[in-house]
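Here is the structure we will look at, set down as structure tokens.
No lab work stands behind these numbers, since they all come straight from the coordinates. Predicted, not measured: the structure shown is a model, and the values here were computed from it. Every residue, glycine among them, receives a Cβ derived from its backbone with ideal geometry; neighbour counts consider all protein chains shown.
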Amino acid sequence: MERNIGFKERRYIEELRILTKATALDCIIDERFERIIYVIQKGDMGLAIGKKGENIRRMQNVLGKRIEMVEYADEQNAFIANIFRPVEITGVEKDPVSGVLLVSIQRKSDLGTAIGKKGANIEKARLLMRKFWGAELGDLRIGEGAI
């Protein structure tokens, strides 16, 4: 999937590299939810977050926006699992009719966390899946044997 990174995004990625020494592959400026979503190189997540989340707090103070981070994965299902972390994903299926991806979660009690306040988490997942995989994300479902 071809991704274009604009000037503002490059600036934010460089700011992350300077403050945390972690490598971001991409970032999305989400004006709707007033946040910056970084896609962090595999293995750099601990470095990006910092001890007790201090790097994220410092980035939020410097940039004046909420910071969210997702670790990149080469495999689509693993990337979706990283986006929804800490919610446990039990499966991802492609709807044969509409072609959208349907994500199944383990517990019904995790549905609110997966969707997020005002739909922020599901919107983050949709933005990232469109940008990195060219795929549309559909609804969340409760997996079989859900608690």
- Summing -39500 (n - 2.57) over the DSSP H runs of n ≥ 4 in the chain and dividing by its residue number, what mean residue ellipticity at 222 nm do you reach, to the nearest 500 deg cm²/dmol? -11000 deg cm²/dmol
- Note on the structure: In nanometres, the difference between 0.36 nm per residue of separation and the alpha-carbon distance of V62 and E31 is 9.5 nm
- Message: For a 19 Å ceiling on Cα separation, which of these pairs sit above it: K21/K51; K51/K131; K21/K42; K65/K117; K42/K131?
- Response: K51/K131
- Message: Explain nothing, just the number: dipole magnitude of the chain about its Cα centre with +1 on each Lys and Arg Cβ and -1 on each Asp and Glu Cβ, in debye rounded to the nearest 20.
- Response: 660
- Task: At 0.36 nm per residue, minus the direct Cα-Cα distance, what do I18 and K118 gain on full extension? Give it in nm, one decimal, please.
- Result: 32.8 nm
- Task: Please sort by residue number the trypsin sites (Lys or Arg not before Pro) in the range 1-68 whose DSSP state is loop and whose Cβ has at most 16 other Cβ atoms within 10 Å.
- Result: R3, K21, R32, K42, K65
- So, in nm, how far is label Q41 from label L102 when the simple model puts each one 7 Å beyond its Cα toward the Cβ? 3.9
- Item | L111 paired with K131, simple spin-label distance in nm, labels 7 Å along Cα-to-beta-carbon | 2.9
